[in-house]
Amino acid sequence: MADQNYYQRLNVDFSGKRADFPNYKIQLKATLGMAGWASMLEPSFMATMPAAESTVCDDAVPAEKAANEARVMNAKVVNCIIMGQKSDKMINMIELAKTVEYPSGIACLIWAEMENRFAPYDEIAEMDMEDELAKLKIKKNENPKDIADTIAAIQIKYGCVINDARKAAIIMRAGKAHYAAVLTTTANLIRITKSRGATANEYLTEMHMQWRIENKSGGKDDDEEVNKAALADPSFLGKFNGKCYKCGKTGHRAANCPNGNSGGSGNGNGGTNGGGKAKFTGTCNNCGRVGHKADK
């Protein structure tokens, strides 16, 4: 009963969908690893098994005893894989992977067929992976460290490990649009102080620091606010908010005054004084009143 309960805990479900296979692969290998069975998914394990499932082994002979134990472990792993399948097509696929010598199935052959169907690693897969990596971009307000998760997901999807130097190059390419200065400074600093290239994590750490600074106010910066204002009001950029020296109104300079250079009517609303001379609308430095200068 104890062995049965333990065996049930080793069950890992698989939907039969390609998108779910990378995670299933990791979880299954981790589960088998806890039981000490992970090696049974490798083709080399077949050499440790008897020639056929029906072969009689003498446990008194060490070599035959080891072969018999390998056969028993293989059967457990096969059952573990079968119990985790949630689609009829996967059950059918496992049936096709069985052999005359082992009608119950050989774990490594079943696993090889699953990998070939859901995660083939060949020239086409390599090209697909490169295409995905080349498309990675870090957006302006996106946490740069999120790209590490994306790279990890691509590694899992294609069943390969990307070394750190390659990760660093991928991160530089993905972040150059918004973090070129940070990337350049980090690369030069590490080269000078440590006589080596910067690691992927060092690039991510420096970009993340800049991202935190720029997004401390909810992810918005001054440039973004200016751009929004400019889109809402095209006259926003370069708009003069001071007072015109000719008419006294705000929003334009004297050179652009809509009242022209004729002198105005002097009607007391900030126009000219009637003699063609622009009225002073500032504050007197002596008395503090508006409308005349200190020397007047």
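Values quoted throughout were computed directly from the atomic coordinates according to the rules given, and no laboratory measurement underlies them. Keep in mind it's a predicted model, so treat the numbers as computed, not measured. We place every Cβ from the backbone using ideal geometry, glycine too, and count neighbours over all the protein chains shown.
With a 10 Å Cβ neighbour count serving as the proxy for reagent exposure, in which order, fewest first, do Tyr179, Tyr24 appear?
Values: Tyr179 23, Tyr24 18.
Starting with the residue having the fewest Cβ neighbours, the order is Tyr24, Tyr179.
Computed from the C-beta positions of Leu96 and Ala153 and an R0 of 45 Å, the FRET efficiency is 0.90 to the nearest 0.05.
Measure up Lys139/Lys167; Lys29/Lys76; Lys135/Lys167; Lys29/Lys139; Lys25/Lys176; Lys17/Lys167 against 25 Å on the Cα-Cα distance and list the ones that go over. Show your work: numbers first, answer last.
On the way: Lys139/Lys167 18 Å; Lys29/Lys76 14 Å; Lys135/Lys167 14 Å; Lys29/Lys139 35 Å; Lys25/Lys176 34 Å; Lys17/Lys167 28 Å.
Cα-Cα > 25 Å for Lys29/Lys139; Lys25/Lys176; Lys17/Lys167; rest within.
Among Met172, Met114, Met46, Met34, the order by Cβ neighbours within 10 angstrom, fewest to most, reads Met34, Met46, Met172, Met114. P(r) tail, the range 123-217: Cα-Cα pairs separated by more than 24 Å, 24% of all pairs.
How would you rank Ile106, Ile156, going from fewest to most other Cβ atoms within 10 Å of each one's own Cβ? Mind showing how you got there, number by number?
On the way: Ile106 24, Ile156 15.
Sorted ascending by nearby Cβ count, the order is Ile156, Ile106.
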